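Report on the following structure.
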Amino acid sequence: MKLHEYQSKHIFSNYGIPIPSGRVAANAAEAKQIAEELGGPVVIKSQVLVGGRGKAGGIRLAKSPSEAEELATQILGMEIKGLPVRKVLVDEAASIETEIYLGITNDRAERKPVMMASSAGGIEIEQVSKDTPEKITKVHIDPLLGLRDYQARDLAAGIDLPRLHWRMFGQIARGLWKAYLDSDATLAEINPLVITSQDRLLAVDGKMVLDDNALFRHPELAEMRDLDVEPEAETEARKYSLSFIKLDGQIGCMVNGAGLAMATMDIIKLSGGEPANFLDIGGGASSEKVAAALRIILSDPDVKVVLFNIFGGITRGDEVARGIIAALQQVDTRVPMVTRLVGTNAEEGRQILSEANMITAETLVNAAEKAIAAAEGGAGN
Ligand code: GDP
Ligand code: MN
């Protein structure tokens, strides 16, 4: 789960990281009001869950409350990378001398969190890593020992941070590590961490990604989820405990088991097609769950065919088939369906499906080929 900038910075500030004063607004009048309270120039920042807002025109400086109102009106009417802007953060504008990057994530290969700092702040770290990797300094953190003081100093030295800022930098690095650890985050990032013309360090931007599997331990963080900006399909999928990830292809996939889902996507690609999604309906899925999954897949206008690959173990073939039939009664669609059903009660399942005009396949390769052919010649969604 991604947090908005204003939410991430709020958490950061609880850990002693200095952030600009400011508040979030849902309309231009509120933005003006906040600018008046802050007094002085402000920055109006679109709150959308993607990076690169600055480049997209979603971050603007306003010198007066009336300009703040005007820019908030503009920004609240924008879409950034396809996401509508529903809120803006109105922050006291910082006078920036230097932009630094400071972030922490998991390094799976090292099996440890890694904290990274760079003198090339403000730019996406993936870009820096590609173009000028020598500008990134990394330290791996032993999760039992935590971030050691010498490691924070190594980072400061690595990015040639002036000595004057080392103490504060250390405090910020420790705060970021604690925020990351306590929240079960998979990413905590300040980009940029700036040095102001008053020689202060300030976290101007903030980003946190939380581990969904740990959210049950943090009801107060789970509550921060912004359903307004989440694709509806993801909200639906979560409601029915389905693992769903939208992809760009045309072949919708309904599969039980994450491994089987990945194998199905591989075979589709190997056969020359592109999957439209990853979906694991899980073991023992009820017909209600199957129906929900089918509705979610078909809500994607790119889907030209649906491929069911079901291995009946705990999940019974006849139960899945009944789910498919139930779903087809709820959704009006002309999208062709290809099924490959094996395992427990597969015979009964196939019988039910054959009455519903579905294309059946014996093997996964055969199913993928039939799905690709149907997508190319199919009626469309
Ligand atoms: P992002 O583009 O989504 O990463 O949004 P950021 O919050 O990082 O802002 C992008 C850029 O806008 C920053 O790198 C800064 O250069 C600039 N910016 C953001 N806030 C301020 C501010 O308060 N004052 C000034 N002068 N520039 C700012
Ligand atoms: Mn940024």
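Brief remarks on what is shown
- Surface share of carbon and sulfur [accessible, 1.4 angstrom probe, percent] for the stretch 190-274: 51
- At most 10 other Cβ within 10 Å, DSSP loop - GluC sites (Glu not before Pro), the stretch 223-260: GLU223
- Distance between the modelled labels on ARG108 and ASP226, one decimal in nanometres: 2.7 nm (7 Å Cα→Cβ projection).
- Put the Cα centre of the stretch 186-234 next to the Cα centre of the stretch 66-137 and the gap is 11 Å.
- Between ALA29 and SER286, the modelled labels are 4.6 nm apart [label points 7 Å from Cα along Cα→Cβ].
- Cα-derived Rg over Rh, computed across the stretch 72-201 with Rh taken as Kirkwood radius: 1.01
- Accessible area of the chain divided out per residue, in Å², using a probe of 1.4 angstrom: 48
- Cα Rg, Dmax, the chain, angstrom units: 25.1, 77
- 10 Å beta-carbon shell around ILE195, net charge (K/R +1, D/E -1): -2
- Estimated distance in nm for a label pair at LEU270 and ARG217, the labels positioned 7 Å out from Cα along Cα-to-Cβ: 3.8
- Sorted peptide list for 370-376, 269-275, criterion being average Cβ within 10 angstrom, highest first: 370-376, 269-275
- Inter-centroid distance (Cα atoms) of the stretch 243-266 relative to the stretch 317-381, Å: 15
- Just the protein heavy atoms count here, and of the accessible area of the stretch 23-167 at 1.4 Å, carbon and sulfur take up 48 percent.
- Loop-located trypsin sites (Lys or Arg not before Pro) across the stretch 11-110 with a Cβ neighbour count of 10 or fewer within 10 Å are LYS55, ARG108, with loop assigned by DSSP.
- Burial ranking of peptide ranges 120-132, 184-196 (average Cβ count within 10 Å, highest at the top): 184-196, 120-132
- With the convex hull constructed from alpha-carbon coordinates only, the stretch 164-288 shows a mean projected area of 11.8 nm² over all directions.
- Note on the chain: helix-only mean residue ellipticity at 222 nm, from DSSP H runs of 4+ residues weighted -39500 (n - 2.57) and normalised by residue number, equals -11000 deg cm²/dmol.
- Of the GluC sites (Glu not before Pro) found in the stretch 31-117, the ones in coil according to DSSP and having at most 16 other Cβ atoms within 10 Å of their Cβ are GLU110.
- Shown is the FRET efficiency for GLU134 and HIS10, computed with R0 = 41 Å from the Cβ-Cβ distance and rounded to the nearest 0.05: 0.75.
- Remark: the stretch 358-364, residue by residue, has Karplus-estimated 3J(HN,Hα) of 9, 7, 10, 9, 8, 10, 5 Hz, where x stands for each Gly or Pro and the curve is 6.51 cos²θ - 1.76 cosθ + 1.60 at θ = phi - 60°.
- Cβ-based charge dipole, the stretch 238-311, positive-most Cα from MET254, ILE268, ALA293: ALA293
- Note on the chain: antiparallel DSSP beta bridges, both residues inside, total approximately 75 percent of the bridges counted.
- For GLU126 and SER241, a Förster radius of 25 Å and the Cβ-Cβ distance give a FRET efficiency of 0.20, rounded to the nearest 0.05.
The values are calculated or read from the model by the stated rules, or taken from the named source; none is laboratory data. Nothing here was measured: the structure is a model prediction, and the numbers come from that model. Positions of Cβ are backbone-derived with ideal geometry, glycine not excepted, and every protein chain shown enters the neighbour counts. Just so you know, the surface numbers come from the protein's heavy atoms only, side chains and all, with ligands and any DNA or RNA stripped out. Shrake-Rupley method; radii C 1.70, N 1.55, O 1.52, S 1.80 Å.
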